[in-house]
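J.: Before we start, here is the structure in question, set down as structure tokens.
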Amino acid sequence: MTFEAECLTYGCDWKAAPSTDGAAVDVECMSHTGRSSHPGFRRLCTAFAMVERIE
């Protein structure tokens, strides 16, 4: 799984670096809030699956 986040404050283009560690992305969000006072984030969690067809 890959975790990502982006700030929802209008005009802010901050994004967390994609990571397999969701807690690390949360820390990046908290750090951004501490620096900017921006409180809202869109958090994405993406999972990939490889499927093989068996006949």
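J.: Run the numbers on the chain and let me know its relative contact order in percent, using alpha-carbon pairs under 8 Å that are six or more apart.
T.: 44 percent
J.: Same structure, new question: Given a 1.4 angstrom probe, what's the average accessible area per residue across the chain, in square angstrom?
T.: I get 80 Å² per residue for this part.
J.: To the nearest 10 square angstrom, how much accessible area does residue 1 have with a 1.4 angstrom probe?
T.: The value for residue 1 is about 130 Å².
J.: What Cys residues in the chain are without a partner cysteine, judged by a Cβ distance under 4.7 Å?
T.: If one checks each Cβ against the other cysteines of the chain, 29, 45 turn up with nothing under 4.7 Å.
J.: With all protein chains present, how much of the accessible area of the chain (probe radius 1.4 Å) comes from carbon and sulfur, to the nearest whole percent?
T.: Using a 1.4 Å probe with all protein chains present, the chain comes out at 55 percent carbon and sulfur.
J.: Chymotrypsin sites (Phe, Trp or Tyr not before Pro) within the stretch 13-49: which are DSSP loop residues with at most 14 other Cβ atoms inside 10 Å?
T.: 48
J.: What does the charge add up to near residue 9, with Lys and Arg as +1, Asp and Glu as -1, over the other residues with Cβ less than 13 Å from its Cβ?
T.: +1
J.: Can you check what the Kirkwood hydrodynamic radius comes to for the chain, Cα pairs only, in Å to one decimal?
T.: With all distinct Cα pairs of the chain included, I get 12.3 Å.
The values are calculated or read from the model by the stated rules, or taken from the named source; none is laboratory data. Keep in mind it's a predicted model, so treat the numbers as computed, not measured. Methodologically, a virtual Cβ is constructed for each residue, glycine included, from the backbone with ideal geometry; neighbour enumeration extends over all protein chains shown. Surface accessibility is based on the protein's heavy atoms, side chains included, excluding ligands, DNA and RNA. Shrake-Rupley method; radii C 1.70, N 1.55, O 1.52, S 1.80 Å.
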